[in-house]
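For reference, the structure is listed below as structure tokens.
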Amino acid sequence: MSTVRLRVAAAWLGLALVGAGCGGASASPPASTLTPDVEVVALDIEFDQQVYTAAPGPVTIRYENAGSLVHTLVIEGIDNGFHLSVDAHGDLATATVDLAPGSYVIFCDVSGHRAAGMEARLDIG
């Protein structure tokens with residue numbers, strides 16, 4: 001392939017990548033740029049708090065693994081696919097979920113973790 005053809009191909013590829021990044025206005029910001037409403041820290045078989053609070057509506061949850069085991073965070077009764085996972089010490093995960101006023105149970109769904117006490121309450125309202 002000639003140098004000119006390579007340059008043209010590279011230019012088209014660059015434009016395609018820029019265009020893909022400029023997609024729709026509904027694109028969500030990367031998880032690392034979301035400001036958390038709730039910060040949950042997973043220790044070895046417990047969360048750092050028993051009760052977390054946030055205002056109703058979109059709730060951004062930041063999940064940090066401060067333990068040595070794999071952990072997840074799910075919200076009981078929320079069937080919209082909300083699921084955070086932190087595989088190793090120091091891992092972070094962030095996501096936003098729309099929650100109505102009320103009390104929710106959050107828990108780690110790794111086998112045996114919830115039974116060992118890895119659950120807490122999330123009060124919205």
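Derivation of every value follows stated rules applied to the coordinates shown; laboratory data play no part. Remember, it's a predicted structure, so these values are computed and weren't measured experimentally. Here the Cβ is made from the backbone with ideal geometry for all residues, glycine too, and neighbour counts use every protein chain on show.
Per-structure values
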{"quantity": "By average C-beta atoms within 10 angstrom, highest first, the peptides 81-88, 67-74", "calculated": "67-74, 81-88"}
{"quantity": "Charge sum, other residues only, whose C-beta stays under 13 Å from residue 98's C-beta, Lys/Arg counted +1 and Asp/Glu -1", "calculated": "-2"}
{"quantity": "Within segment 34-62, backbone nitrogen closer than 15 Å to the virtual label 7 Å beyond the Cα of residue 110 toward Cβ", "calculated": "41-48"}
{"quantity": "Difference of contour (0.36 nm per residue) and Cα-Cα distance, residue 100 to residue 70", "calculated": "7.9 nm"}
